[in-house]
Amino acid sequence: MDTKIPPGPLSEKWTNHKNNLNLISPANKRKLDVIVVGTGLAGGSAASTLAELGYNVKSFCFQDSPRRAHSVAAQGGINAAKNYQGDGDSVYRLFYDTIKGGDYRSREANVYRLAEVSSNIIDQCVAQGVPFAREYGGLLDNRSFGGVQVSRTFYAKGQTGQQLLLGVYSAMNRQIARGQIQMFNRHEMMDVVLVNGKARGIISRNLVNGKIERHAAHAVIIASGGYGNLFYLSTYAMGSNASAAWKAHRRGAFLANPCFNQIHPTAIPVGGPNQSKLTLMSESLRNDGRIWVPKTIEDAKAIREGRKKPEDLREEDRDYYLERQYPAFGNLVPRDVASRAAKERCDAGFGVNITGQAVFLDFASAVQRFGSEQAHIKRLENTDDEIIKDLGKEMMKQKYGNLFQMYQKIVDQNPYETPMKIYPTTHYTMGGLWVDYNLMTTVPGLFAIGEANFSDHGANRLGASALMQGLADGYFILPYTIGDYLSAEIGAGKVTTASIEFEKAEMKVKDTIDTLITNKGVHPVDYFHKKLGTIMWKYCGINRYKKGLETAMEEIALLRKEFWENVIVPGTADEFNEELAKAGRLADFLELGELYAKDALSREESCGAHYREEHRTSEGEAMRDDENFGHVASWEYMGAPGEWKLHKEKLVYENIIVQQRSYK
Ligand SMILES: Cc1cc2nc3c(=O)[nH]c(=O)nc-3n(C[C@H](O)[C@H](O)[C@H](O)COP(=O)(O)OP(=O)(O)OC[C@H]3O[C@@H](n4cnc5c(N)ncnc54)[C@H](O)[C@@H]3O)c2cc1C
């Protein structure tokens, strides 16, 4: 596999590469059309930057506005190696933390570049007016996220994604107003069209009136986000899907490491069988929240049965298990480690809610700490405990107010007074379309950015680094690398949609829609989606093992068959029909799920979030096998679901010492 990693020292690769990429003159950029599928932080930043450069951009999203892309949900923050805290941060440290956090399963050159451009992102966003939190003196504030020992996370309360997306959206709007971006809201990409082996456009469906449309371009960029809704229950927006990436995969783009899926340790636990969504409580809360379960089974039982409250338990009766097991990183261990530890405690009988699948995230000591500090500042040393508590709560409100409010609204408990209950759930997919150093897939002219590509995060993404990667790709990397590809397209002329390739792709899309809408089944789409989610969580979730993965593959193949025989989609194809859109997306999940399990089965090691029970250290930690699995597993679609060919990209580490990961 040709990664196109440039030669030379790590720290000079990107600069040298940029110096050697072909440029396109402004007059020629006006002759080139680019399609961007997705308007999240990755797609939106790419679309606005490419339009600013002078390319003609067509931008697509399935929501009613670009600013509703799932990136809007991001809460905790975005990393950058600015070292504002003077705590020893640097480009190298961010690079090192990311590689180690990903358990040595990401590409060195890409990760270094990501760390290098991280600072530019903050400058760009500040210039756009993104209201990052500031310290009293006016400097941008930072906090910590898991798996690191510095504070490098920039944030806007618990709404960082929303504020960053508003910046992106305003940059896009400027170009929409100029006519340089043509915006297609409520349009879903249904297929990518290849002409002579190159990506030359897409087929889209207008979700409002069902019209199938053809769009041509000199290059296509997939920025359609992650595929975690494969699990049905997740922290993703309900509409997040794999379809754009999956259609690209079916057309020849390799899919890399599909089984690398992040389970986030701090979501609000499942409340009942009819739930369709899980809500994240940001990792930023682990800066000040302490995770614990009761030390004894009796206390855990008493709490579950409502005979005791968490506040009734004395300090010595609580097990702050992360602080106990991982003293160096404590509550800020990476997500994969924290998720496994929570599951282990709950499986051992220490869970604290009715289902036994929850642990506490407790802010009492932070309230006390902040309150005492404020009392000191206000010269109230001898004041009573209640005033200190109120001062502490006020500080917590300033830092995490919207998250606490969200929790209270959903759970009807006050987290300022009693610990939150949390449990791991699906949150982010590290796997995705394989891309080379230029962010191009294995299909010429087809690029993938943001969460949709297989990313820089290896087997586990560190917190606050998805926003960083999406914006790095869209603002600072793709706009350079795509020019190199497009420089050879200057003479190609306008791409036409009046070709046999477009004709065939359109027919195929119409056929599939027709099959779904006329099917005489009995079960709605969600019936199958829930079943798929149950299989995925049971066999492909936090822990995986050979027999379970084999079972998952068999059950998913059967479920897929049942879906096509028995699904019912109400309404018609030429109206706003959310059930129809969902059915098409689920059809793709039902193929991807099988590949996911196959990938997990073939990776006979544990690394990061991929935890095979057969491969663990005596202390229960993930045990890698670098010799046999130190590669990116990249899958080629061979014409039918169930048939894939594996290609391996060997990972080479020349600038980092590879070790078994430890956070103790
Ligand atoms: C609750 C939550 C909190 C998070 N908090 C953080 C955080 O604090 N820090 C951090 O770094 N990361 C965080 N993340 C992760 C991060 O938000 C995402 O990884 C990131 O925003 C993904 O951006 P994206 O641009 O790649 O995709 P998205 O924002 O998911 O955008 C996808 C776009 O693609 C479009 N699309 C998809 N399919 C199609 C199709 N077929 N046709 C047309 N359009 C399509 C959608 O309409 C949308 O515009 C969080 C995630 C969640 C769920």
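A short reminder: the numbers here are calculations on the coordinates, not readings from a lab. Just so it is clear, the model here is predicted, and its values are computed rather than measured. Cβ atoms come from the backbone with ideal geometry, glycine included; neighbour counts cover every protein chain shown.
Numerical summary
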item	result
Convex hull of segment 419-467 built on C-alpha atoms - directionally averaged projected area, nm²	4.4
Pairwise FRET efficiency - Glu298 versus Arg134, Cβ, R0 = 56 Å, nearest 0.05	0.75
Rough spin-label spacing in nm, given labels placed 7 Å along Cα→Cβ, for Met238 and Thr383	4.5
Segment 87-242, relative contact order [Cα under 8 Å, separation at least 6], %	11
Among Phe404, Gln262, Asn19 the positive-end extreme of the charge dipole of the chain (Cβ point charges)	Asn19
Among Ser48, Gly8, Asn79 - extreme Cα towards positive end, dipole of segment 1-95, charges at beta-carbon	Ser48
Charged-residue dipole, Cβ positions (Lys, Arg, Asp, Glu), segment 193-311 about Cα centre, Debye nearest 20	440
FRET efficiency, 1/(1 + (r/R0)^6) with R0 51 Å, evaluated for Asn196 and Gln405 via beta carbons	0.40
Residue-count net charge about Ser204 - beta-carbon cut-off 13 Å; Lys, Arg +1, Asp, Glu -1	+3
Loop chymotrypsin sites (Phe, Trp or Tyr not before Pro), segment 23-104 (other Cβ atoms within 10 Å of the site Cβ: 11 or fewer; DSSP)	none
Relative contact order [Cα under 8 Å, 6+ residues apart], segment 266-426, whole percent	29
For the chain, size of Cβ-based charge dipole, Lys and Arg +1, Asp and Glu -1, in debye	1000
Ellipsoid equivalent to the chain - semi-axes via the Cα gyration tensor, in Å	39, 29, 24
Average Cα contact separation per residue, the chain, under 8 Å, 6 or more apart, as relative contact order %	20
Cβ-placed point charges (K, R +1; D, E -1), dipole of segment 266-426 about Cα centre in debye, nearest 20	520
Residues Thr515, Thr3, sorted so that the one with the fewest Cβ neighbours within 10 Å comes first	Thr515, Thr3
Simple spin-label estimate for Arg324 and Lys664 in nanometres, 7 Å along Cα-Cβ	1.6
Kirkwood estimate for segment 266-426, i.e. one over the average of 1/r between Cα atoms, Å	16.3
Unsatisfied cross-links (Cα-Cα over 20 Å) in the set Lys343/Lys421; Lys100/Lys664; Lys100/Lys421; Lys13/Lys58; Lys58/Lys211	Lys100/Lys421; Lys13/Lys58
Dipole axis of the chain (+1 Lys, Arg; -1 Asp, Glu on Cβ), positive-most option in Phe360, Tyr320, Gly161	Gly161
Qualifying chymotrypsin sites (Phe, Trp or Tyr not before Pro) in segment 130-205, DSSP loop, other Cβ atoms within 10 Å at most 11	Tyr136
Tail fraction, Cα-Cα pairs, segment 454-592, threshold 19 Å, whole percent	69
Descending semi-axes in whole angstrom, ellipsoid equivalent of segment 525-594, from the Cα gyration tensor	27, 11, 8
Nearest-ten-degree value, helix 546-566 long axis tilted from longest Cα axis of the chain	50
FRET efficiency estimate (nearest 0.05) - Cβ-Cβ, Ile500 to Phe576, R0 41 angstrom	0.85
